[in-house]
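The structure appears below as structure tokens.
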Amino acid sequence: MSLTRNVELLRRLPKLDGLRLDGLRFPDLGQSADASSPLEEVTDFGGNPGALRMFAFVPAQLQKPRALVVVLHGCGQTAAAYDLGAGWSTLARHYGFALLMPEQQRANNGNTCFNWFNPEDIARGSGEPQSIREMIAHMVETHRIDPRRIFITGLSAGGGMTSVMLATYPEVFSAGAIIAGLPYGIASNLREALDGMFHSPVRPERELGDFVRRASNHRGPWPKISVWHGSADRTVNPGNANEIVKQWLDLHDLPAVPMAETNVDGYPRQAWWNKDGETLVESYAITDMAHGTPLGLADNDQRYGVEGAFLIEAGISSSYHIAKFFGLTGWIPDAAKKADAKSTVAPTPKLSPAPHLARSIRSAVADEPPHEPKPEKSRRFDLNEIITRALTAAGLMK
């Protein structure tokens with residue numbers, strides 16, 4: 001279907017339920033999930049010029065300093081549907097952070113897409129960005145969130161609006177993650193939006209960076225960014241992932257060539273970091289995956305989310321890895337800490353061998369045969385024996 005025909009179709013049927021930007025049909029993904037999500041609606045959070053709904057979840061225990069993750073759903077979804085599918089409230093409960101999930105209304109967009117390309121909805125201080133900013137301010141004040149620990153992520157049109165929020169309010173966010181989304185500033189009308197979705201025109205890095213620099217008076221430091229995209233996406237051209245990366249490499253003044261290329265759960269990941277070794281930009285290419293959020297087992301062998309439309313089993317948990325990129329997965333609940341403290345006996349003093357002994361110790365450990373788990377006391381004895389063997393092998397103990 002041609003671009004011109006798509007534009008004409010959308011002009012004639014702007015409010016048809018189930019229609020998405022590319023002229024194909026979305027299922028209605030919002031109704032059955034509402035009862036399964038712990039999200040609660042919040043009203044009277046501000047002027048709300050974008051006429052969005054606000055949903056939030058705050059677990060009983062919060063890590064300190066307190067953190068907030070803002071999650072933006074995709075077209076055809078509700079906040080509750082995307083929460084159930086991507087598993088964010090489960091992650092919030094597990095790792096103790098507050099969750100904010102704005103929701104689009106059909107009165108604003110017949111497909112419940114965030115309007116990431118409308119001029120009034122991509123500018124600081126107006127429309128949907130201002131509504132989301134007011135929601136964040138409400139959460140910070142009501143739940144004593146640390147302003148330095150606010151993060152945002154979104155899928156598809158929610159990914160496009162994530163780009164908008166990071167560009168228009170960069171001082172608010174420490175980091176963001178965009179799944180199957182688009183860079184900021186490439187569209188200010190429907191024709192340009194469709195062109196970006198289908199064709200992802202290649203632009204110079206400086207031009208992309210300037211789109212963001214012109215969106216506010218902020219001049220740095222800039223939020224960190226994590227980019228996710230399926231290589232078989234036919235709804236949002238995968239080239240958009242490269243354009244998002246280029247946009248943020250320019251802002252961070254980083255080179256085009258990745259500083260590291262690794263494999264995570266079977267998928268290529270590229271990364272760029274600053275002089276202090278902190279990763280500022282990362283990009284995951286989910287090979288052969290279509291349009292949606294990738295799901296799978298996390299590093300802790302937990303599963304976050306439920307497979308469904310635009311929520312795709314891919315063997316990698318994007319929600320978990322994004323939370324990890326945000327620095328939220330190292331927290332242990334107080335109850336677990338207390339239980340662990342009661343069951344732990346006095347620790348054995350640690351030995352700190354000189355650097356040149358490290359290889360001997362590692363070799364001794366590697367040579368140990370596999371064995372069944374033993375009581376804590378036995379494990380400490382075995383470790384001392386290993387260290388003693390390594391020191392002896394190095395000629396420093398007889």
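The values are calculated or read from the model by the stated rules, or taken from the named source; none is laboratory data. Remember, it's a predicted structure, so these values are computed and weren't measured experimentally. FYI the Cβ positions are ideal-geometry reconstructions off the backbone, even for glycines, and counts take in every protein chain you see. Heads up: the accessible areas ignore ligands, DNA and RNA and are worked out on the full protein's heavy atoms, side chains in. Shrake-Rupley method; radii C 1.70, N 1.55, O 1.52, S 1.80 Å.
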* Listed residue (PRO221, SER200, ASN189) projecting farthest to the positive dipole end of the stretch 188-227, Cβ model -> PRO221
* Structure fact -> Scoring only Lys, Arg, Asp and Glu (+1, +1, -1, -1) among other residues with Cβ under 12 Å from the Cβ of THR293 yields -4
* Asked: So for LYS324, LYS246, LYS64, what's the accessible-area order with a 1.4 Å probe, most first?
  -> LYS64, LYS324, LYS246
* **5 angstrom amide H check on GLY292, placed H, neighbours 5+ away** => GLY230
* Net +/- balance of residues flanking ILE186 in space, Cβ distance below 11 Å, scoring K and R +1, D and E -1 -> -3
* Selection of trypsin sites (Lys or Arg not before Pro), the stretch 173-214, meeting DSSP coil and at most 13 other Cβ within 10 Å -> ARG214
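How would HIS73, HIS199, HIS94, HIS143 line up by accessible area, probe 1.4 Å, largest first?
Greatest to least solvent exposure: HIS199, HIS94, HIS143, HIS73.
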* Asked: What does the charge dipole of the stretch 148-277 about its Cα centre add up to, to the nearest 20 debye, if the Cβ of each Lys and Arg holds +1 and the Cβ of each Asp and Glu holds -1?
  -> 280
* To do: Before anything else, pin down the relative contact order of the stretch 190-330: Cα pairs under 8 Å, at least 6 apart, normalised by residue count, whole percent.
  => 21
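Taking 8 Å as the Cα distance limit and 6 or more residues as the minimum spacing, I'd like the relative contact order of the stretch 254-336 as a percentage.
Once divided by the residue count of the stretch 254-336, the mean separation gives 19 percent.
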* Structure fact -> Summed over the other residues with a beta carbon less than 12 angstrom from that of GLN104, with K and R at +1 and D and E at -1, the charge totals -1
* Asked: Top to bottom by accessible area (1.4 Å), largest first, where do THR262, THR78, THR153 land?
  -> THR262, THR78, THR153
* To do: Could you tell me what percent of the accessible area of the stretch 79-173 is made up of carbon and sulfur, with a 1.4 Å probe and every protein chain present?
  => 49
* Asked: Name the GluC sites (Glu not before Pro) in the stretch 260-324 that are in a loop by DSSP and that have at most 14 other C-beta atoms within 10 Å, would you?
  -> GLU278, GLU307
* Structure fact -> With the 1.4 Å probe rolled over protein heavy atoms, the stretch 123-249 has an accessible area per residue in Å² of 33
* **Residue-by-residue Karplus 3J(HN,Hα) for the stretch 140-155, coefficients 6.51, -1.76, 1.60, Hz, glycine and proline x** => 4, 6, 6, 10, 6, 6, 6, x, 8, 10, 10, 10, 8, 8, x, 10
* To do: Give the long-range amide H neighbours of LYS224: residues separated by 5 or more places, or on another chain, with amide H under 5 Å away, using H modelled in the peptide plane at 1.01 Å from N.
  => ALA175, GLY176
* Asked: To the nearest 20 debye, what is the magnitude of the charge dipole of the stretch 236-343 about its Cα centre, counting +1 on the Cβ of each Lys and Arg and -1 on the Cβ of each Asp and Glu?
  -> 340
* About its Cα centre, how strong a charge dipole does the stretch 83-227 have in debye, to the nearest 20, once Lys and Arg get +1 and Asp and Glu get -1 at the Cβ? -> 360
